[in-house]
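The values are calculated or read from the model by the stated rules, or taken from the named source; none is laboratory data. From a predicted model like this one, the values you see are computed outputs, not experimental measurements. Every residue, glycine as well, gets a Cβ built from its backbone with ideal geometry; the counts of neighbours run over all protein chains shown.
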Amino acid sequence: MDKKHMFEIRDRDGLARLGVLRIGNRQVDTPLLMPVINPNISMIKASDMKEMGCEMVITNAYILKKSGIEKDVHEVLGFDGPVMTDSGTFQSHIYGDIEFSNEEMLSFQQKIRSDVNTIVDEFVEPDDSYEVAERKTMETISRAKSAYNNCKTLALPVQGGLYSDLRKRCAKAYYNYEALFPIGGVVPLMESQRYEELIDVVLTCKHYLNPSMPVHLFGCGHPMLFAIASLFGCDLFDSAAYSKFAAEDRFMFENGTMPLSAISEDICSCPVCSKHGIEEIKGMEKTERVKLIAEHNLRTSFQEIRRVRNAIKNGRIWELAEIRARGNPALLYGFNAIKKYKKLLEHYEPLSRKSSLGTGAESFYRPMVTRAVKKSKDCYISGFYHQSFVPCPAELRYTYPFGQAIMPYTKRAKAMENLRKREPGDEETIRAIARMQFGADAERALLNGELTFVRSRKNNRIRNVMCDGEHILSLRAEDGYFTLKLGGGRKLLDLPYPRMRVVVNRDSEEPAREGKNVFAKFVVDADDKTIIGNEVVVVNENDELLAIGRALMVREEMLAFKRGIAIKIR
Ligand code: GUN
Ligand code: ZN
């Protein structure tokens, strides 16, 4: 039925993305936080949440069905934005068996006109045996399959517990479905601060899920986790925590939780805390106090979502996530999980960013660093090191991330002294950068003749690279990498197909020649080594050059997305 390419990426930083999610004729921005509204005990009205920044809410269809409420859920909640419903699986995790089947819950969700319907999945507990976890996961996959063709927008939870092969099997089974994909069964991990396993589960799911679909981290409602979960590719969150924490007089902040009793100063400037002040809140009777703390918790959560979005936009989500990890030793330790996912993280790592900053020891495991260290080993031509935050060949000292790193003055002075002993030559430098940016095969294909250089009049640095008199590359000041010229693109076509290429179908041929951006839906193939932000040669299916562009997606994404730009044409 009527599934209309619901998700589009507008901006990104590695696995983190700024997206637009279309549900029916409404749309919401991601990363997105959906407050959980319990229809029976609602501390804050859905209509009041809008003003705090709420675009979409989630409620529980199982509770509605048990209470015999069978009206339009928007009317029941007093909310005219999109409403997602959960199915009762979480109740089965807490109370044991539930009363209604998958079919009953799905038809009920349709009856109450919920915008996103969740199947009744089987909650895999972290300590389930492999046999139990496997049976639950296979049952979940089979329920997804039986629901898929009869329902509008579905949420299909990925189960599998702590068994990565089961998570993989579930995510892969969903690959061709257009739906929302919540990562399920993780609430017990968050409740007991098992963050290393949580990150492990998230990255395993992300590795195998269809990259063009939105991913929801089920039950993730603490603002201290939003930056980290977004960094690892989660687009949607839901929070029941804002009211559960409030009921226990606990204040949520972006770097942790504080009991009311531990707050003796006015440390928060949200509208609630500014208006009332902590002493006034302490003096209130329970119902009123809890309601205000719930509002503080919700406002703090939306504020953190806005910070996350802003950080993604500025290429700073790693900094924000690392700072959040520093708020809690368990969380910082959990960050260790990224060492196991180096390949995945490097695969989605952009060529460069506006800045390259680190926050501490854990920054050395960022894909920006691991990839640069690995690749730059091949670019070591002059045999000379320029000391940066990590050893860097002298040829790459203006190239991202080395050139953009902030170095202490004393280190910088030492590096300059080393350089005076031997500057790499122009050709050494150009070859090293080309190898770092495109790989050794492409460097040879590009720089296969007599090289001459045009220098900047301002700072005497190389600007343009000519090969046998033809302009093939320009060197950018911002990140120290090359912009490819048509002449350079032609040379790259000597490489075996589809290396360095993005292949588009006939519908995109004319627009690409005219300089219009290439949409993902027109891409038929691409180099699997394509790096986000890097130069690519756009060709038609006869391997004829159409244009030079900059990739905004990796190959799997270009092939999976039905919406959005894959290549920005120069
Ligand atoms: N809420 C929190 N975790 C889960 C889960 O695994 N499945 C469903 N359906 N809801 C949840
Ligand atoms: Zn506050």
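If you filter segment 55-78 down to residues that are in a loop (DSSP other than H, G, I, E, B) and among the small types (G, A, S), you find that the one that is farthest from H296 (Cα to Cα) is G68. Residues that are of a type in the set (A, V, I, L, M, F, W, C), in contact with a Leu (Cβ under 7 Å, 6 or more places away or on another chain) and under 26 Å from T89 (Cα atoms) are absent from segment 286-298 altogether. Going through (1) farther than 19 Å from A526 by Cβ; (2) out of contact with any Lys or Arg (no Cβ under 9 Å at 6 or more places or on another chain) one by one, I472 falls short only on (2). Residues in segment 406-420 include none that are surrounded by 17 or more Cβ atoms within 10 Å (Cβ to Cβ) and either in a strand (DSSP E or B) or touching a residue at least 40 places away in the same chain (Cβ under 8 Å) (or both). Against the conditions (1) without any contact (Cβ under 8 Å) to a residue 12 or more places away in the chain; (2) closer than 18 Å to Y398 by Cα; (3) out of contact with any strand residue (DSSP E or B) (no Cβ under 8 Å at 6 or more places or on another chain), N464 satisfies every one except (3).
So, M52, is that one over 18 Å from Q110 (Cβ atoms) and either assigned to a helix (DSSP H, G or I) or under 27 Å from the mean Cα position of the chain (by Cα) (or both) or not?
Values: over 18 Å from Q110 (Cβ atoms): yes; either assigned to a helix (DSSP H, G or I) or under 27 Å from the mean Cα position of the chain (by Cα) (or both): yes.
Here the answer is yes, as M52 does meet what is asked.
Just one of (1) surrounded by 22 or more Cβ atoms within 10 Å (Cβ to Cβ); (2) at positive phi; (3) of a type in the set (D, E, K, R) fails for D543. It is (1). The set of residues in segment 79-125 that are part of a helix (DSSP H, G or I) and within 13 Å of ligand 1 (Cβ to nearest atom) comprises T89, F90, Q91, S92, H93, I94, N102, M105, L106, Q109. Here E346, E304 are screened, and the one residue that is part of a helix (DSSP H, G or I) and more than 19 Å from P391 (Cβ to Cβ) is E304. In segment 229-291, counting only helices (runs of 4 or more DSSP H) that sit wholly within it, the ones holding 1 or more residues that are over 30 Å from N336 (Cα atoms) and more than 13 Å from ligand 2 (Cβ to nearest atom) span 241-247, 278-282.
Quick check on Y365: is it within 29 Å of L332 (Cβ to Cβ) and modelled with pLDDT of 90 or more? When the stated conditions are applied, Y365 passes them. Assess whether V132 counts as being away from ligand 2 (no atom under 16 Å from the Cβ), at pLDDT 95 or above, part of a helix (DSSP H, G or I) and surrounded by fewer than 24 Cβ atoms within 10 Å (Cβ to Cβ). So V132 passes the test.
Against the condition more than 28 Å from S243 (Cβ to Cβ) and among the polar types (S, T, N, Q), how does N60 come out, does it pass? Break it down into steps so the answer makes sense when it comes.
Values: more than 28 Å from S243 (Cβ to Cβ): no; among the polar types (S, T, N, Q): yes.
In short, no.
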